Amino acid sequence: MLTTLDQELFDPAKFDDKQAPTADLLNLYRENLKAGRELLRSRFNVGADPRLLVYMRAWHVDQILIRLFQHFAADADCTLLAVGGYGRGELHPASDIDLLILLPDQQSQKTSQAIAQFVTLLWDIGLDVGHAVRTVTESIAAAKSDITIATNILESRYLAGNRNMLNDMLRATDREFMWSSREFFTAKRQEQHARHGRFHDTAYNLEPNVKDGPGGLRDIQVIDWVAKRHFGTHNLHDLVHHGFLTEAEYESLAAGQDFLWRVRFGLHVITGRKEDRLLFDFQRTLARQFGFQDDDARLGVEHFMKRYYRTIMELARLNEMLLQLFEEEILLRDEAENIQPLNKRFQLHNGYIETTYDKVFAHYPFSLLEIFLVIAQHPEIKGVRASTIRAIRNHRHLINYEFRADLRCRSLFIELLRQPHGVTHELRRMNRYGILAAYLPVFGNISGQMQYDLFHHFTVDEHTLFVVRNLRRFTVDRFYDEFPMCSLIIRTIAKQELLLLAALFHDVAKGRGGDHSELGSLDAEEFSRNHGLSEYDAKLVSWLVRNHLLMSVTAQRKDISDVDVVNEFASTVGNQSRLDYLYLLTVADIRATNPDLWNSWKDALLKELYYAASHALRRGIGNMPDQREWIESTQESAHRLLLRDTPQLNMATVAELWNTFPDDYFLRYSAERVAWHTQTILQHGVDQLPLILNAPLPESHAGATEIFIFAHNRLNLFANATAILDRLGLTIVDARVITTENDRTLDSFIIFEQSGEPIAGTSRVQEIIAALYQSIYQQETAQSSRQRYIPRRLKHFDIPTQVRFFDDPKQRHTVLEVIAADRPGLLATLSQVFLHCGVSLRNAKISTIGERAEDIFFIMSSTDTPVTDTDTVSCLQYHIKDRLRSDAPPPP
């Protein structure tokens with residue numbers, strides 16, 4: 001019986017009255033579909049149940065298809081079936097309408113023509129149809145060879161035509177004849193593993209896929225498919241009757257599906273297309289649609305995404321438990337039972353760990369942690385029995401204050417971190433089962449928490465576990481080639497569990513307000529003391545959490561060629577042991593923040609800072625080298641290299657050249673690069689300018705390309721160079737400018753392709769050098785590119801431009817910080833502003849943090865003094881903001 005809403009969506013009687021023989025069928029059906037879509041959209045916008053909307057969309061399409069099929073193919077011997085999601089009676093606004101048209105083995109031309117007319121009209125009225133036309137025999141053969149076709153047939157639903165054909169096909173494709181339960185389950189589980197692999201086995205990406213991502217709708221469908229094949233179930237609730245789900249678990253599964261359906265329905269409504277990616281473009285809109293609001297701690301969109309991530313986490317847990325149940329039911333049921341005791345509480349059941357009796361966790365609550373330690377200690381364990389997974393879930397409530405204060409629990413957790421193998425796997429398993437968040441409430445606070453930016457690619461909890469994984473990979477021999485230096489250093493770390501604790505706590509205070517490093521360090525120290533760590537160890541963990549950004553910020557945003565910067569960093573670190581811990585944590589942290597963030601240049605900067613600080617620490621805190629000593633050391637080392645490699649050079653000529661270089665040059669370049677510059681300039685000829693070359697970089701800088709320019713100093717030379725590099729589609733990550741006493745300039749640029757990839761091939765390098773030679777001396781300042789592609793993601797963040805000035809401690813120059821929305825050619829734009837305002841650039845540190853550019857420039861006035869004139873400061877502030885706010889032409 002139709003409800004009021006059904007009749008509002010489609011009233012059969014009224015529609016059939018309009019469908020007179022002379023009616024314009026095309027417009028009649030097209031307008032009815034359009035009206036139906038608008039009605040469902042309006043219902044969605046006022047908060048209608050997504051289940052009802054999805055089912056009603058499918059029901060509406062049913063009515064249209066049945067009538068059209070009867071109109072065109074009533075006399076044809078064929079069958080119309082709904083398959084796929086449509087076969088389940090589920091249609092989102094832009095979902096594919098998958099159809100299978102069954103034919104007898106012998107069909108007439110009349111049938112073929114009727115089907116062709118029918119399908120053509122479906123497209124004409126605006127239905128996005130995916131259809132297959134096969135005989136029953138062809139369908140049976142296709143299903144036998146293709147698991148996807150077999151799955152479609154499993155979900156097929158009769159719409160119109162000869163029902164006997166459907167029955168024949170279903171009988172012939174039953175599991176007795178093809179795709180047994182064992183084969184079907186194995187194939188579907190392999191499909192899921194492959195699909196998860198495409199998303200790096202994590203659902204916690206910035207822009208997750210609602211349908212195909214881990215924990216998404218497809219994972220629910222996998223369970224439904226296997227249950228249909230094995231048990232012949234009609235819906236997921238039937239699994240309750242088979243003892244595979246409790247009523248509470250089913251309700252959790254259904255609630256998760258409802259939420260994801262609402263999100264997916266919203267995506268289709270917003271975009272007007274089949275869009276299953278929860279892109280930045282739509283996250284804010286959906287958050288507002290669903291009533292999530294900003295508060296003092298987080299944005300509304302962050303609250304929405306936290307709900308999303310926690311939903312898919314729960315769905316992923318249920319998926320894992322159900323697949324394990326199916327494995328035991330389908331794959332392992334006929335195996336001879338093999339029980340191997342592990343201890344009083346756990347045993348192996350055909351290779352899978354389980355409790356020795358039902359009430360183990362109730363009698364021994366500490367075993368909720370012990371099981372993960374046991375698995376780590378026994379790498380032969382294949383997994384956890386489904387009954388034990390359920391028991392863990394059902395006893396999480398036992399993890400309370402008394403549990404956390406129990407010495408046995410504290411010892412078990414620390415012992416897990418001390419294991420030589422399996423730590424990452426078991427921490428991830430603890431997180432999936434909800435144990436990690438229960439034992440560490442501060443970790444629970446960040447579970448599913450995202451940050452609405454492009455810098456943090458994962459949720460905070462997922463990022464944290466990736467940091468742990470990266471640290472553990474440093475200890476594994478087969479990954480030695482990834483980070484040889486880290487692999488060597490970690491072998492000298494006596495207590496690696498301290499490093500892992502720092503990783504677990506380094507971001508636990510995010511989202512609370514205040515400095516997360518400071519707040520997290522307090523949590524870390526309290527936890528460490530409570531878990532029996534010594535005073536020294538507790539303070540080390542706390543210090544690492546408090547300073548986990550120190551090395552990254554120093555390397556990427558300060559001039560680490562400045563001896564004072566290195567000495568200050570080394571003084572803060574204090575000793576070599578802390579430096580080792582901090583270096584390892586920093587590398588692991590950056591790599592876990594965003595897969596695209598790490599590159600050879602960041603690697604080189606951190607190594608350079610590590611070696612410089614290590615050298616300073618060996619000298620002792622009170623005996624660190626000063627600038628003069630640093631300069632002399634660089635010159636002496638460069639002198640030895642020149643004597644070794646180019647003994648024919650006249651050392652008096654070398655001294656004459658060096659006398660024209662300012663002290664800054666020897667502070668900012670290594671001895672190896674000073675020797676190469678010197679040799680190249682003298683062999684080329686000091687007056688044969690300009691000289692533009694691809695400068696060799698040390699092995700630690702592999703992947704980066706340095707362009708070196710030695711030329712007569714001209715006011716617009718730097719602006720020209722940056723504009724040309726921008727026009728070539730290059731990204732500048734580091735720039736250095738040195739002006740000699742005889743008015744020459746030594747400029748160097750570290751460059752990558754805009755994609756972040758290294759410069760590939762000598763022809764590309766030659767193209768860059770040729771373009772610079774052609775334009776470097778032109779009188780009119782070159783213009784940067786106007787057509788550089790701005791990535792889609794960047795368009796959804798409104799980053800106000802900030803311009804700040806800081807005095808250098810030694811008053812050698814002024815530090816200018818520019819924070820703005822990242823955009824291609826940013827340095828080229830700013831160099832034109834510097835030129836217009838009469839300042840010169842001495843050094844630049846280019847740092848992109850997601851959607852934000854946070855760049856540091858070391859500038860001087862036209863008189864080679866710090867920039868203190870208020871007119872110049874005002875000029876810079878105004879024009880930087882103006883040029884980055886609009887697409888105005890460069891200042892005159």
> Ordered by residue, what ³J(HN,Hα) values in Hz, to whole numbers, does region 749-761 give under the Karplus form 6.51 cos²θ - 1.76 cosθ + 1.60, where θ = phi - 60° and Gly and Pro are x?
Replying inline: 10, 9, 10, 9, 5, 4, 6, x, 6, x, 5, 9, x
>> Counting only helical runs of four or more DSSP H residues, what would the 222 nm mean residue ellipticity of the chain come to if each run contributes -39,500 (n - 2.57) and the total is spread over all its residues?
In response: -16500 deg cm²/dmol
>> Can you compute the modelled spin-label distance between residue 18 and residue 757, with each label point 7 Å from Cα toward Cβ, in nm?
In response: 5.3
> What is the calculated FRET efficiency for residue 235 to residue 476, with r their C-beta to C-beta distance and R₀ = 60 Å, to the nearest 0.05?
Replying inline: 0.85
> Just going by the charge dipole of region 42-111, with Lys and Arg at +1 and Asp and Glu at -1 on Cβ, which of 92, 71, 42 is farthest out on the positive end?
Replying inline: 42
> What whole-number value in Å² describes the accessible area per residue of region 454-565 for a 1.4 Å probe?
Replying inline: 36
> In the chain, which Cys residues have no partner Cys with a Cβ closer than 4.7 Å?
Replying inline: 78, 409, 486
> Per residue, how much accessible area does region 48-117 show when a 1.4 Å probe rolls over the protein heavy atoms, in square angstrom?
Replying inline: 36
> Calculated FRET efficiency, residue 770 and residue 52, Cβ-Cβ r, R0 60 Å, to nearest 0.05?
Replying inline: 0.35
> Helix 762-775 versus the longest principal axis of the chain: what angle, 0 to 90°, nearest 10, using Cα atoms?
Replying inline: 60
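With every protein chain present, what is the per residue accessible area of region 170-233 (1.4 Å probe, Å²)?
41
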> Based on Cβ point charges of +1 for Lys and Arg and -1 for Asp and Glu, what charge dipole magnitude is obtained for region 611-686 about its Cα centre, in debye rounded to the nearest 20?
Replying inline: 240
> residue 599 versus residue 535, label points 7 Å from Cα toward the beta carbon: distance in nm?
Replying inline: 4.7
>> Can you give me the Kirkwood hydrodynamic radius for region 156-269, using every pair of distinct Cα atoms, in Å to one decimal?
In response: 16.2
> How much of the accessible area of the chain, in percent, comes from carbon and sulfur atoms when a 1.4 Å probe is used?
Replying inline: 49
> Using the Kirkwood radius built from alpha carbon pairs, what does the Stokes-Einstein equation give as D for region 499-607 at 10 °C and 1.306 mPa s, in µm² per second?
Replying inline: 109
> Which value, in Å² and to the nearest 10, is the accessible area of residue 812 when all protein chains are kept and the probe is 1.4 Å?
Replying inline: 50
> Which sequence of 308, 878, 401, 204 reflects their accessible areas, 1.4 Å probe, from the largest down?
Replying inline: 401, 878, 204, 308
> Counting Lys and Arg as +1 and Asp and Glu as -1, each charge on the Cβ, what is the dipole of region 479-632 about the Cα centre in debye, to the nearest 20?
Replying inline: 180
>> Tell me the net charge near residue 560. Cut-off is 13 Å between Cβ atoms, residue 560 excluded, with +1 for each Lys or Arg and -1 for each Asp or Glu.
In response: +1
>> Using 0.36 nm times the number of residues separating residue 549 and residue 576, minus their current alpha carbon distance, what extension gain do you get?
In response: 8.0 nm
> If one takes the longest principal axis of the Cα atoms in the chain, at what angle in degrees, from 0 to 90 and to the nearest 10, does the Cα axis of helix 870-885 lie?
Replying inline: 30
>> Rg and Dmax in Å for the chain, alpha carbons only: what are they?
In response: 33.5, 105
> Relative to the longest principal axis of the chain, what angle (0 to 90°, nearest 10) does the C-alpha long axis of helix 496-505 take?
Replying inline: 70
> Arranged from highest to lowest average of other beta-carbon atoms within 10 Å per residue, in what order do the peptides 73-79, 195-201, 218-224 appear?
Replying inline: 218-224, 73-79, 195-201
>> So if each residue of separation counts as 0.36 nm, and I subtract the Cα-Cα distance between residue 26 and residue 120, what length gain in nm does that give?
In response: 32.7 nm
> Counting only DSSP beta bridges with both residues in the chain, what percent are antiparallel, rounded to the nearest 5?
Replying inline: 90
> Using 0.36 nm per residue, how much length does the chain from residue 425 to residue 663 gain when fully extended, once their Cα-Cα distance is taken away?
Replying inline: 80.5 nm
>> If the only charges are +1 at each Lys and Arg Cβ and -1 at each Asp and Glu Cβ, what is the size of the charge dipole of the chain around the Cα centre, to the nearest 20 debye?
In response: 1040
> At a Förster radius of 45 Å, what calculated FRET efficiency corresponds to the Cβ-Cβ distance of residue 694 and residue 297, to the nearest 0.05?
Replying inline: 0.35
> How far is it, in nm, from the label point at residue 445 to the one at residue 357 when both lie 7 Å from their Cα along the line to the Cβ?
Replying inline: 4.1
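The values are calculated or read from the model by the stated rules, or taken from the named source; none is laboratory data. Model, not experiment: these values are computed from the prediction. Note that we place each Cβ from the backbone using ideal geometry, even for glycine, and neighbour counts take in every protein chain shown. We work out accessible area using only protein heavy atoms, side chains counted, and drop any ligands, DNA or RNA first. Shrake-Rupley method; radii C 1.70, N 1.55, O 1.52, S 1.80 Å.
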